[in-house]
Amino acid sequence: MAELSGSPHRSLYKLVGSPHWKEAFRQGCLERMRNSRDRLLNKYRQAGGNMLGRPQSTLLVQELMEEEWNALQSMESCPQALAQWEMPMDLAELEEIQQELIDQEQSIISEYEKSLQFDEKCLSIILAEWEANSLICPVCTKYNLKISSGVVMCQCGLYIPSHSPELTEQKLRACLEVSVNEHSAQCPHTPVFSVTEGTEKKSSLLMSCLACDTWAVII
């Protein structure tokens, strides 16, 4: 088992072989992992991804085991005799708990990677549709946009008054592709489009992304 840093790791081996405390420690560690999804994924992104398939690569397991052990020691219900327990927790039991956490960590990362692949697939479909002869409405992604004298309209109800009489489907398509590609270079998630009222009481087409908290005005 990979070494946990510091004295908390050594202290783990002094735990009594009591099923109650072993199970409390195990359940506490698993609960910490479930509640640390955002923290794990932040570490995963900072590490550059691609951590799956590396059996010794863990991002959060050791930290959570030490945190749970410290929390267990500070519990009011923890017996005062805890430090005097002599029966050690078997190394194999600690390794079993650690492996459960590793498996859970890998499962969270795998689920996240699948969501990224889905977003990439959706983005590819959107770009492919935009590259077709008809320009698909980016808001509803169902109907074709129509542009007449610079006014953008869609069957879904989208209506954007003319910002420029020279606006054409080709120009709007180019604006959309540039914005989407610039965003995808920085963020793997698929942005969404909406219509918002501008400062001059004219509606605008807005691209935004909740994942990276960015937005851009298309027209």
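Things to note:
- Every residue from segment 167-214 that is of a type in the set (D, E, K, R) and closer than 18 Å to Ala128 by Cα: Glu169, Lys171, Arg173, Glu177, Glu182
- Selection from segment 69-103 of residues that are farther than 16 Å from Leu40 by Cα, at pLDDT 50 or above and either surrounded by 15 or more Cβ atoms within 10 Å (Cβ to Cβ) or aromatic (Phe, Trp, Tyr) (or both): Trp69, Leu72, Met89, Glu93, Leu94, Ile97
- In segment 105-154, the qualifying residues are those that are touching a Cys at 6+ places or on another chain (Cβ under 8 Å) and within 17 Å of Lys171 (Cβ to Cβ), and the one that is modelled with the highest pLDDT is Cys154.
- Taken over segment 172-209, the criterion of being open to solvent by 40 Å² or more (accessible area, probe 1.4 Å), in contact with a strand residue (DSSP E or B) (Cβ under 9 Å, 6 or more places away or on another chain) and of a type outside the set (S, T, N, Q) is satisfied by Cys175, Glu182, His189, Val192, Val195, Glu197, Lys202.
- Only one of Leu59, Leu64 that is modelled with pLDDT of 85 or more, crowded, with 16+ Cβ neighbours inside 10 Å and within 30 Å of Ala211 (Cβ to Cβ): Leu64
- Filtered residues of segment 127-154 (kept if within 18 Å of Leu206 (Cα to Cα) and among the polar types (S, T, N, Q)): Thr141, Asn144
- The C-beta contact set for segment 181-192 (first residue touching a residue at least 40 places away in the same chain (Cβ under 8 Å), second residue assigned to a loop (DSSP other than H, G, I, E, B) and open to solvent by less than 80 Å² (accessible area, probe 1.4 Å), distance under 6 angstrom, 6+ apart or interchain) comprises His189/Ala211.
The values are calculated or read from the model by the stated rules, or taken from the named source; none is laboratory data. Just so it is clear, the structure is predicted and the values come from calculations on it, not from any experiment. Every residue, glycine among them, receives a Cβ derived from its backbone with ideal geometry; neighbour counts consider all protein chains shown. Protein only, heavy atoms only, side chains kept; ligands, DNA and RNA dropped before computing areas. Shrake-Rupley method; radii C 1.70, N 1.55, O 1.52, S 1.80 Å.
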